[in-house]
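What follows is a short report on a single structure.
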Amino acid sequence: MKIHSPEGNIAAESRGLATAPKDLNGVKLGILDNTKPNAGLFMKQATKALQEKYGVELVKVEEKNAALAAPEDLIQGLSKEVQIVLTGAAD
Amino acid sequence: MNEEVNLIELARVEEISVELLEKYGWGDGLPIIAPTPERVDETLAETDLSPDEIVAVLAPRFGEASVRAIATNAVMAGCSPKLMPVLITAIRAMARKEINLMGVNATTHPTAPLAIVHGKIVKELGFNSERGAFGPGNRANATLGRAIRFILLHIAGANDGDASTQGQPSKYTYCVAENEDDSPWENYAQHLGVTAPSALTLFFGENPHNFHDMESEAPENILDKAASVMATLGCNNACISSAEFFICLCPEHAQTIAAAGWGRKEVQEYLYQKARRSAKELRQQFHLRVWQDWMEESPDEEFLPVTDSPENIAIVVVGGAGKHSCVIPSWGMTKSQTLPII
């Protein structure tokens, strides 16, 4: 028996993950906080550990609504000022 | 994934359902109808659109909802081919930016897409707007809602992307029709200015929350119960002021209210005034709020509405005999869409 696939094609171009920096020493760090409870706390603690271990420099903290995609200009702004971003924490 | 998949030596629908779910992750766990080319072609014959036309691109997978893919899901869900124009309208509505499909599919909230069918097509296609309208027991209601869910699962990618903590039963199917024959008012789509003979509303919300009033003859007494349900601290409306409510009034409640000379506007305004909690309590309960500035600036002793405008309270007449109505709170960061069915 042959059947149709219910999935449809994917319209978006597939993107891989950005290449991780080989060396974290002295890199500029940003935080993208989705404002969910404890997200900021978690990322600030992670930043502290990275500062102590690698001397990363926290240069920018941005916030966004957890229910909406981050605005393009916010992402572009971060990409110009920092080399790594901590994000992704939720509930 | 190719448009066609071979399933050799499987003849019984139970086996096909298990195979599809286990091998490809397709379906909702209940038996499905195999979308054979013959069945899909029969469904495609009910639309003038080309099978390859892309009706919408659906997040978070950014899957292309081609007419053929929509028809395939319709077959799997058990839809009559004649439901195609209604289903296509639902998918168009779902893709509008105001719905915020990326958020809907990524949230831990149990939100599900409620489709409300209005107008001439309700009777033409046999939707149930009367007794037991939310189900079970009617093929059009059950399968249209299920097909919408299938499209979320298969095309939008909600099988992996739906992050709901507990889910909810309306994620299987969630479709109802408006009971215009027994409504004292014009239908909801007409109220919004959608003048086409038939229309569909799509709204991402919770399961219905029942309220009953067996005795009141005053609109206020009936609506106080609705307001009480609306003002719960547990729904997202309490901390997101732009969130809508859908109030599905049974015909007897609607007729009692209308007999006092009230229209939709009076009902909306009354509920807006009554469904409130103190600003102090709301602030204590929610440190994360998406409120209008005037709400943030209000003193603690003020009682704030649980939605920031009477227009966020949608009034629809649904159901048969009896005095049970319901409130459907919103997911929050989404806005319902009402489109003509063409």
| Mind checking which residues of region A:61-91 are surrounded by 14 or more Cβ atoms within 10 Å (Cβ to Cβ) and within 12 Å of chain B (Cβ to nearest Cβ)? | A:Glu63, A:Lys64, A:Asn65, A:Ala66, A:Ala67, A:Ala69, A:Ala70
| field | Cross-chain or 6+ apart pairs with Cβ under 7 Å, region B:329-342 first and farther than 20 Å from B:Asn207 by Cβ, then of a type in the set (Gly, Ala, Ser) and in a loop (DSSP other than H, G, I, E, B) | value | B:Pro340/B:Ala196; B:Ile341/B:Ala196; B:Ile342/B:Ala196
| Out of all the residues in region A:6-21, is one or more within 27 Å of B:His287 (Cα to Cα) and at pLDDT below 90? | no
| said: So B:Arg289 passes all but one of these: (1) out of contact with any His (no Cβ under 9 Å at 6 or more places or on another chain); (2) modelled with pLDDT of 95 or more. Which condition number does it fail? | reply: (2)
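Given the criterion in a helix (DSSP H, G or I) and either modelled with pLDDT of 95 or more or more than 17 Å from the chain's Cα centre (by Cα) (or both), identify the matching residue among B:Asn179, B:Asn221, B:Asn210.
Just one listed residue meets the conditions, B:Asn221.
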| query | Do you know which residues across region B:321-335 are surrounded by fewer than 21 Cβ atoms within 10 Å (Cβ to Cβ) and within 23 Å of B:Val86 (Cα to Cα)? | reply | B:Lys335
| region B:138-170: number of residues that are more than 12 Å from every other protein chain (Cβ to nearest Cβ), over 17 Å from B:Leu21 (Cβ atoms) and not small (Gly, Ala, Ser) | 9
| If B:Asn159 passes every condition in (1) modelled with pLDDT under 95; (2) part of a loop (DSSP other than H, G, I, E, B) but one, which one does it miss? | (2)
| Which of the residues belonging to region B:104-152 are assigned to a strand (DSSP E or B) and not small (Gly, Ala, Ser)? | B:Pro113, B:Leu114, B:Ile116, B:Val117, B:His118
| request: Scan region B:308-342 for residues that are farther than 16 Å from B:Val267 by Cα and polar (S, T, N, Q) and report the count. | output: 5
| field | Extreme residue, nearest to the other protein chains (Cβ to nearest Cβ), among residues of region A:1-44 that are acidic (Asp, Glu) and part of a loop (DSSP other than H, G, I, E, B) | value | A:Glu7
| query | Do the conditions hold for B:Ser50, that is, is it under 28 Å from the mean Cα position of the chain (by Cα), at pLDDT 95 or above, within 8 Å of chain A (Cβ to nearest Cβ) and farther than 23 Å from B:Gly137 by Cα? | reply | no
| If you go through region B:102-115 one residue at a time, how many are under 15 Å from B:Ala59 (Cα atoms), surrounded by 24 or more Cβ atoms within 10 Å (Cβ to Cβ) and within 11 Å of chain A (Cβ to nearest Cβ)? | 2
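Quick one: would you say B:Asp28 is surrounded by fewer than 17 Cβ atoms within 10 Å (Cβ to Cβ), more than 7 Å from every other protein chain (Cβ to nearest Cβ) and modelled with pLDDT of 90 or more?
No.
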| said: Just to verify a result, which residue in region B:71-99, among those that are farther than 19 Å from B:Thr201 by Cβ, part of a helix (DSSP H, G or I) and not polar (S, T, N, Q), is farthest from the other protein chains (Cβ to nearest Cβ)? | reply: B:Lys82
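The values are calculated or read from the model by the stated rules, or taken from the named source; none is laboratory data. Just so it is clear, the structure is predicted and the values come from calculations on it, not from any experiment. A quick note on method: Cβ atoms are made from the backbone with ideal geometry, for glycine too, and the neighbour counts reach across all protein chains shown.
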